[in-house]
């Protein structure tokens, strides 16, 4: 088989097309940002009000998150069947979020022995995931959401008790929910342009 030489411009066009496909694949997955963001936001606010109402075992609301994980896995498996081309950026984002998912699973086991509040660690993981994803796909709302989480992690060290849950809710809003909505809007615009 004869190897074809390509020009520099053709090479750049191929790279740009692959980057655009990665962005489209992630935009299709903007529902995952919304799924996790809204679910965790609801759990956070619910727990806050349960604590305020002096309800024992308020952290039980977080039992809903494994159900969200099952929904997430279902959506990812279904969407992965549609992806015809795997890109480096797509693989990097997938590896990042898989590692963050494992880290979230480890936190409840580590925190009791370290006698640490897990909320700062959760916000830190939100920040890392959204910042890196935002940088990979060059999407400023995710970058801003990640940076906001880094600032909120520092701020939360000066806040006591259940008020930390309000900071967590705000972190979810700026790192998952708002960027998820904006990703969805941008994807919808792209879909309308290509039709």
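The values are calculated or read from the model by the stated rules, or taken from the named source; none is laboratory data. Predicted model, so just to flag it, every value in this text is computed and none were measured. Here the Cβ positions follow ideal geometry from the backbone for every residue, glycine too, while neighbour counts run over all protein chains shown.
General observations
- Unique match (being over 17 Å from the mean Cα position of the chain (by Cα) and farther than 26 Å from residue 57 by Cβ) among 144, 158, 150: 158
- Taken as a whole, the structure leaves residue 100 outside the set of residues that are free of Cβ contacts under 8 Å to residues at least 12 places away in the same chain and in contact with a helix residue (DSSP H, G or I) (Cβ under 6 Å, 6 or more places away or on another chain).
Residue-wise test of (1) surrounded by fewer than 21 Cβ atoms within 10 Å (Cβ to Cβ); (2) closer than 24 Å to residue 29 by Cα.
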residue	(1), (2)
145	no, yes
152	no, no
160	yes, no
165	no, no
172	no, yes
183	no, yes
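- Among the residues of region 111-126, the one identified as in contact with a helix residue (DSSP H, G or I) (Cβ under 8 Å, 6 or more places away or on another chain), more than 16 Å from residue 146 (Cα to Cα) and assigned to a helix (DSSP H, G or I) is 111.
- Residue tally, condition touching a residue at least 60 places away in the same chain (Cβ under 8 Å) and over 18 Å from residue 42 (Cα atoms), over region 162-190: 5
- Condition check for residue 9: farther than 30 Å from residue 167 by Cβ, loosely packed, with under 11 Cβ neighbours inside 10 Å and at pLDDT below 85: yes
- Screening 113, 148 for residues that are out of contact with any strand residue (DSSP E or B) (no Cβ under 9 Å at 6 or more places or on another chain) and modelled with pLDDT of 95 or more leaves exactly one candidate, 148.
- Inspection of region 60-76 identifies at least one residue that is surrounded by fewer than 18 Cβ atoms within 10 Å (Cβ to Cβ), more than 20 Å from the chain's Cα centre (by Cα), free of Cβ contacts under 8 Å to residues at least 40 places away in the same chain and over 19 Å from residue 184 (Cβ atoms).
- Test result for residue 108, modelled with pLDDT under 85 and over 28 Å from residue 30 (Cβ atoms): no
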